[in-house]
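Q: Mind looking over this structure? Questions follow.
The values are calculated or read from the model by the stated rules, or taken from the named source; none is laboratory data. The structure presented is a predicted model; accordingly, all values stated were derived computationally and were not measured. Every residue, glycine among them, receives a Cβ derived from its backbone with ideal geometry; neighbour counts consider all protein chains shown. Heads up: the accessible areas ignore ligands, DNA and RNA and are worked out on the full protein's heavy atoms, side chains in. Shrake-Rupley method; radii C 1.70, N 1.55, O 1.52, S 1.80 Å.
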Amino acid sequence: MASQSQKKTPRAGFAALIGRPNVGKSTLLNALTGEKIAIVSPKPQTTRNRILGVVTRPEGQVAFIDTPGIHQAKGELNRYMVEAAISAAEEVDLVLFLIEPPQGETLDVTPGNRAILERLQKVGKPTFLVINKIDSIPKAKLLPLIALYGQEFPFAEVVPISAREKDGVEHLFQVVLGHLPEGEPIFAEDMLTDQQERVLVAEYIREQVLRHCRQEIPYSTAVLVDVFDESEREPRPGTPPGQLGGLIRIAASIYVERDSQKAILIGKQGQMLKLIGTDARKSVQRLLGAHVYLDLRVRVEARWSERAAGLRKLGYE
């Protein structure tokens, strides 16, 4: 049996997930934490804010920060998202730069990824190359891809994974932990995220807008929770363990930029809004472990994504 003096000193620190839209950063955060902290959608630019996910083990603690995808920023909202990602890279101990394999026959470093690497050179933090979605390419292409990116940037580590399949995710955690400074946990051991429940609820609602609406609607949408009434949250005596108990009343506003978008979001005879509400309520109930009454309203805030005042009003500060 190992003596107390032989035990490894725990490590703790911050790691930022950085990359282009839709490379799987949010899927990876959820896989690392084992919980749905970040919403996921096949549509690009789903993540708008930095999201903290904390993984605590006996050997140490890693605070992962999911960031918006870095893209060509046009408009106030897009500039806000890119700045949120870059500033996160400047504040952490370690950067995880996520890419996905090219879909065509040609292996290359895309202009978008090259631009991110140029920004990361200036940041100067130790950086991992994390190749996600390795289940989508032949293994023979992996080594040439690693060599190609290795010519562009002095990566501290290269870790191939499939976040969706959870392949290589545990290995990634251990490698990240090994590069962090020795120290005691930064957050309480039972802390999973700094996201408040009402913020997660708003994101779960927006996830269903992304899922059900097409065209420009998702990118013109923001959600604010107006009422979060927990006065009836405690389950009634005798409620079986594992079953939903109690009731939480939630009212939320879905903001769009034009009346025409409002009409699409509500749908004929309110059917689209009802569908969004039904699916959002199921997700929120699983999150909160209680029955949920969800009241959704659609409101117009003209050109909110283009105005600094609009961003502040809808929680993007």
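Q: Within the stretch 233-287, which residues are open to solvent by less than 70 Å² (accessible area, probe 1.4 Å), without any contact (Cβ under 8 Å) to a residue 12 or more places away in the chain, outside any helix (DSSP H, G or I) and not β-branched (Val, Ile, Thr)?
A: Listed by number, the residues that qualify are 240, 267.
Q: Specify the residue that is nearest to residue 157 (Cα to Cα); the eligible residues are those in the stretch 59-85 that are open to solvent by less than 10 Å² (accessible area, probe 1.4 Å) and more than 14 Å from the chain's Cα centre (by Cα).
A: Step one: list which residues in the stretch 59-85 are open to solvent by less than 10 Å² (accessible area, probe 1.4 Å), which gives 60-64, 66-69, 81, 85.
Still in the running and more than 14 Å from the chain's Cα centre (by Cα): 60-62.
Numbers: 60: 19, 61: 19, 62: 17 Å.
Ranking the candidates gives 62 first.
Q: Considering the stretch 93-130 alone, what residues qualify as being among the small types (Gly, Ala, Ser), part of a loop (DSSP other than H, G, I, E, B) and within 22 Å of residue 144 (Cβ to Cβ)?
A: First, pick out the residues of the stretch 93-130 that are among the small types (Gly, Ala, Ser): 104, 112, 115, 124.
Okay, now just the ones that are also part of a loop (DSSP other than H, G, I, E, B), so 104, 124.
Of everything in the stretch 93-130, just one residue is among the small types (Gly, Ala, Ser), part of a loop (DSSP other than H, G, I, E, B) and within 22 Å of residue 144 (Cβ to Cβ), namely 104.
Q: Provide a single number: the residues in the stretch 289-308 that are over 28 Å from residue 81 (Cα atoms) and surrounded by 14 or more Cβ atoms within 10 Å (Cβ to Cβ). Spell out the reasoning first.
A: Taking the stretch 289-308 and keeping what is over 28 Å from residue 81 (Cα atoms), we get 289-295.
The next check asks that each one be surrounded by 14 or more Cβ atoms within 10 Å (Cβ to Cβ); those that pass are 289-292, 294.
Summing the residues that are over 28 Å from residue 81 (Cα atoms) and surrounded by 14 or more Cβ atoms within 10 Å (Cβ to Cβ) in the stretch 289-308 gives 5.
Q: Same structure again: Could you please let me know if residue 154 is open to solvent by 10 Å² or more (accessible area, probe 1.4 Å) and over 18 Å from residue 25 (Cβ atoms)?
A: Values: open to solvent by 10 Å² or more (accessible area, probe 1.4 Å): yes; over 18 Å from residue 25 (Cβ atoms): yes.
Here the answer is yes, as residue 154 does meet what is asked.
Q: Count, please, the residues in the stretch 42-55 that happen to be open to solvent by less than 20 Å² (accessible area, probe 1.4 Å) and assigned to a loop (DSSP other than H, G, I, E, B).
A: Applying the first criterion (open to solvent by less than 20 Å² (accessible area, probe 1.4 Å)) to the stretch 42-55 yields 46-48, 51-55.
Going one step further and asking which of them are assigned to a loop (DSSP other than H, G, I, E, B), we end up with 46-48.
Residues that pass the stated criteria total 3.
Q: Filter the stretch 292-317 down to the residues that are outside any helix (DSSP H, G or I) and either closer than 17 Å to residue 258 by Cα or modelled with pLDDT under 95 (or both) and list them by number. Break it down stepwise before answering.
A: Here is the first cut: in the stretch 292-317, the residues outside any helix (DSSP H, G or I) are 292-303, 307, 314-317.
Residues satisfying the conditions are 297, 298, 299, 300, 301, 302, 303, 307, 314, 315, 316, 317.
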